[in-house]
Amino acid sequence: MMDANQFRGHEQLVYLHDKESGLKAFIAVHDTSLGPAAGGCRMWNYDSELEALNDVLRLSRGMSHKNAVAGLKLGGGKAVIIGNSRTDKSEALFRALGRMIDSLGGKYISAEDVGISVEDMEIAAEETRYVAGLTKGAHASGDPSPYTATGVYLGIKAAVKHKFGQDNVEGLSVAVQGVGHVGYHLCKHLHEGGAKLLVSDINQDALDRVAQEFGAEIMDRDAIISADVDIFSPCALGAVINDDSIDHIKAKIIAGAANNQLARDDHGQALMDRGILYAPDYVINAGGIINVAAETRGAYDVDWVKAKVDRIYETLTVIFDRSVSEARPTNRIADELAEEIIEKARAAKA
Ligand code: NAD
């Protein structure tokens, strides 16, 4: 059954079953106090509509938090399409999605997420202007990964300063799980900053590239999380911090790009109890959404993007300091910071 608490705070929920194209989708607008609700569209083979509904409500609330802490004038929203992204895509489906987004009149701005490509969104964009994350057109922002990687690197530096009192990553060891789009650029920054790299991936070509270019040591896929390093940087999968892995982590800092790194919220407390500093995922990986958000402001302005990405260092420093002074885990502090920002905007509007 649906947990009624899931609806807490949501402004609008739309369901569409377009018989012609077969599109079955939800759009959830969580909060627009800061601005239009922005968040990607996910396509997933959900077992039921209820599962999709739970996901869209949870993810849209997460986007409110992420956008608020990133200092964006955007609220939180999300779309989910129920279907198999390998077999169920069609032009008609994405046109129907575009019309569905357009029907909200700009209250929700979409982009790519799991299972959705730039090409899919370009079809939707023919039916609505409320789509960002495009590679073509007047305001196109292109690949967000380099900005995400820069933000993660700055976040690692903020964590290093807080934990070790050091201003750079010189001489520190970093285990990077996943050297794809973000992981590759992050390895480049870390290598240039003088860190020693240990890496894992399921793609041998990606591993060979970072080994060759940055002298990274390749590790066994299952061993990376328990590597004896200063910093563990998850840049592949979600839920890597879980009941099975948490006791084996030797790193003193966890700071990476992956979404939803904690399997459960209370793993944040467990990390704190073990003396491990955790950089909340949606704070440190906001570079990508910042880059996408630039499109929603009109002409793409790279200096605006860089200035916002630079702020990730200060935001994390505030979160780390508050975590110490209030003796509460960093993930809780981040959520509260987000809610404070949203509440302030809500009060100013009232
Ligand atoms: P990507 O698909 O380019 O890279 C992920 C890499 O992880 C791939 O090389 C893949 O082979 C590897 N991988 C998969 N399973 C693995 C495993 N079990 N062990 C080790 N490696 C494994 O994705 P990306 O764009 O680099 O994003 C990385 C993570 O960061 C994802 O969780 C993504 O949701 C998150 N993120 C990305 C952005 C962005 O701008 N791209 C923004 C915010 C968050």
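The values are calculated or read from the model by the stated rules, or taken from the named source; none is laboratory data. If you're wondering where the values come from, they're calculated on a predicted model, not measured in any experiment. Cβ sites come from the backbone with ideal geometry, for glycine too, and all protein chains shown count toward neighbours.
Below are the figures for this structure:
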item	result
Tally of residues being within 15 Å of the ligand (Cβ to nearest atom) and either modelled with pLDDT of 95 or more or over 25 Å from Asp31 (Cα atoms) (or both) across the stretch 122-139	1
Of residues in the stretch 160-184 being within 16 Å of the ligand (Cβ to nearest atom) and outside any loop (DSSP other than H, G, I, E, B), the one surrounded by the fewest Cβ atoms within 10 Å (Cβ to Cβ)	His181
Selection within the stretch 278-302 - within 16 Å of the ligand (Cβ to nearest atom) and free of Cβ contacts under 8 Å to residues at least 12 places away in the same chain	Val302
Residue count, the stretch 185-238 (criterion: more than 9 Å from the ligand (Cβ to nearest atom), touching a strand residue (DSSP E or B) at 6+ places or on another chain (Cβ under 6 Å) and under 17 Å from Tyr278 (Cβ atoms))	6
Flag if Arg332 is of a type outside the set (A, V, I, L, M, F, W, C), surrounded by 19 or more Cβ atoms within 10 Å (Cβ to Cβ) and either more than 16 Å from the ligand (Cβ to nearest atom) or not in a helix (DSSP H, G or I) (or both)	yes
Residue within the stretch 31-48 that is assigned to a helix (DSSP H, G or I) and either among the small types (Gly, Ala, Ser) or free of Cβ contacts under 8 Å to residues at least 24 places away in the same chain (or both) present	no
Top-ranked residue of the stretch 94-115 - restricted to ones that are of a type outside the set (D, E, K, R), in a loop (DSSP other than H, G, I, E, B) and surrounded by fewer than 24 Cβ atoms within 10 Å (Cβ to Cβ), ranked as nearest to the ligand (Cβ to nearest atom)	Val114
Verdict on Val118 being within 16 Å of the ligand (Cβ to nearest atom), touching a strand residue (DSSP E or B) at 6+ places or on another chain (Cβ under 7 Å) and free of Cβ contacts under 8 Å to residues at least 40 places away in the same chain	yes
Filtered residue count, the stretch 278-309, keeping only those that are buried (at least 24 other Cβ atoms within 10 Å of the Cβ), of a type in the set (S, T, N, Q) and in contact with a Pro (Cβ under 9 Å, 6 or more places away or on another chain)	1
Any chance Asp31 is over 17 Å from the mean Cα position of the chain (by Cα) and buried (at least 24 other Cβ atoms within 10 Å of the Cβ)	yes
In the stretch 256-277, the residues that are surrounded by 20 or more Cβ atoms within 10 Å (Cβ to Cβ) and within 16 Å of the ligand (Cβ to nearest atom)	Gly256, Ala257, Ala258, Gln261, Leu262
Count of residues meeting criterion [out of contact with any helix residue (DSSP H, G or I) (no Cβ under 8 Å at 6 or more places or on another chain), part of a helix (DSSP H, G or I) and of a type outside the set (D, E, K, R)] in the stretch 311-329	2
Among residues of the stretch 140-159, those that are outside any helix (DSSP H, G or I) and more than 9 Å from the ligand (Cβ to nearest atom), counted	3
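Yes or no, residue by residue, for (1) assigned by TED's automatic domain parsing to the domain that holds Ala96; (2) within 15 Å of Ala132 (Cβ to Cβ); (3) acidic (Asp, Glu):
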residue: Ala37; (1), (2), (3): yes, yes, no
residue: Cys41; (1), (2), (3): yes, yes, no
residue: Asn45; (1), (2), (3): yes, no, no
residue: Ser48; (1), (2), (3): yes, no, no
residue: Ala52; (1), (2), (3): yes, no, no
residue: Val69; (1), (2), (3): no, no, no
residue: Leu72; (1), (2), (3): no, yes, no
residue: Ile81; (1), (2), (3): yes, no, no
